[in-house]
Amino acid sequence: MKTANPPVKEQYILKSGDYLSQTRDVLARLDHGLIDRIAESIWQAYQRGRTVYLFGNGGSASLASHLACDLGKGTMADGQRRLRAVRDTMDADLRRPWKISELARQAGISRRSFNTHFRRAFGMSASQYLRIRRLESARDALVHQGVSVNDAAYLAGYNNPANFATAFRRRFGHAPSRYRSQQD
């Protein structure tokens, strides 16, 4: 006689319970003093106006993005810290399809104010900044990682390699394939 499998919901609950138990065990073994010292070091660097670089890949890129955003919250003292935090958040996840309204919300100001203040602080709109940073990132991938032009287009957020090539040519003066061959 065949025994019935438990409903999917029961299997899920059992697995989540195991996961939570394992997570509690891992968290209990962490050196919380070390984590506090690392967090304090990052905060002190930020308070001194130093550049704090946050890196990640996959899920950790999201974590880096959230940390950059959190550093910017409540730091509008000089009028530009929050904008720098938003810029750093964009830099931490260049492939994300950022919306100006979302960036303005992170800065804690209206969309119109965000556009005005971002342009004043960085000499260009947030959209221009993102386009340039994405193209620079794609150029670096072409030169240093040897990616194909199609892969570089994807990295820069372009679905169409021809549109990428046009934007790349406008920014750097020649086609991505030629730029890559010149750098080798």
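Grab the other residues whose beta carbon is less than 12 angstrom from that of Leu94, score K and R as +1, D and E as -1, and report the net. Summing Lys and Arg as +1 and Asp and Glu as -1 gives +1.
Considering all C-alpha pairs of segment 15-57, those separated by over 14 Å amount to 66%.
Footprinting exposure proxy ranking of Arg87, Arg105, fewest other C-beta atoms within 10 angstrom first, gives Arg105, Arg87. Count Lys and Arg as plus one, Asp and Glu as minus one, and take only other residues whose Cβ is under 12 Å from that of Glu136; the net charge is then +3.
Taken together, the values in this text are just the output of simple stated rules run on the coordinates, not laboratory data. Note that the structure is a prediction, hence the values are computed from the model and not measured. Quick reminder, even Gly has a Cβ in these numbers, built from the backbone with ideal geometry, and neighbours come from all protein chains shown.
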